[in-house]
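Let me begin by presenting the structure, written as structure tokens, before commenting on it.
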Amino acid sequence: MTTVITFGTFDVLHVGHLRILERSRSLGDRLVVGVSSDALNQSKKNRQAIFSESERCELVAALRCVDEVFLEESLERKREYVQKYAANVLVMGDDWRGKFDSLSDICRVEYLPRTPSISTTAVIEHIARTATS
Ligand code: C2G
């Protein structure tokens, strides 16, 4: 059985998130997702997530392509997470290209292209603009 692992904040869930999760799942038989904790997201993006870590976990876990979720507490703990969930493949968006190549001694590392023209930031900005106009 091939286990795939991937990570992200998945705030204001959108089709770009869904597509990378579906593509990740198609690389194996089981998909495990590390959802960034509120504290990790704050340090990574310098802003608070709209939805709390428990809401983001609940949403991601409800997707058909996702088998298991856990809270990702630190970017530096990837090796530990890959080992804990016995992952054979690590998937990251290609904005992280090269960043996790050091894990290729314990799993295959794949960087998948992001879906163009959509992001959590763009959705938030769109809503803010529309709400005030
Ligand atoms: N994504 C995508 N297309 C988009 C937007 C996002 O494919 N238009 C992907 C990202 O590349 C990432 C996942 O969706 O793989 C989650 O995106 P974010 O919530 O922005 O997560 P990120 O900050 O990349 O977190 O350990 C690393 C981090 O936790 C990854």
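The values are calculated or read from the model by the stated rules, or taken from the named source; none is laboratory data. None of the values given here were measured: they were computed from a predicted structure. We place every Cβ from the backbone using ideal geometry, glycine too, and count neighbours over all the protein chains shown. Accessible surface areas use protein heavy atoms only, side chains included; no ligands, DNA or RNA. Shrake-Rupley method; radii C 1.70, N 1.55, O 1.52, S 1.80 Å.
The table below gives the values:
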{"quantity": "Residue in segment 1-37 that is farthest from V82 (Cα to Cα), counting only those that are charged (D, E, K, R) and open to solvent by 60 Å² or more (accessible area, probe 1.4 Å)", "calculated": "R19"}
{"quantity": "Residues of segment 40-65 classified as more than 12 Å from the ligand (Cβ to nearest atom) and either small (G, A, S) or open to solvent by less than 10 Å² (accessible area, probe 1.4 Å) (or both), total", "calculated": "4"}
{"quantity": "Which listed residue, of L31, L40, L21, L59, is within 18 Å of I124 (Cβ to Cβ) and not in a loop (DSSP other than H, G, I, E, B)", "calculated": "L59"}
{"quantity": "Sole residue being in contact with a Lys or Arg (Cβ under 9 Å, 6 or more places away or on another chain) and among the charged types (D, E, K, R), chosen from D67, D101, D29", "calculated": "D67"}
{"quantity": "Some residue of segment 116-126 being touching a Lys or Arg at 6+ places or on another chain (Cβ under 9 Å) and open to solvent by 70 Å² or more (accessible area, probe 1.4 Å)", "calculated": "no"}
{"quantity": "Matching residues in segment 74-103 - criterion: being away from the ligand (no atom under 12 Å from the Cβ), among the small types (G, A, S) and either open to solvent by less than 30 Å² (accessible area, probe 1.4 Å) or closer than 18 Å to V32 by Cα (or both)", "calculated": "A86, A87"}
{"quantity": "Count of residues meeting criterion [within 13 Å of the ligand (Cβ to nearest atom) and in contact (Cβ under 8 Å) with a residue 24 or more places away in the chain] in segment 104-115", "calculated": "4"}
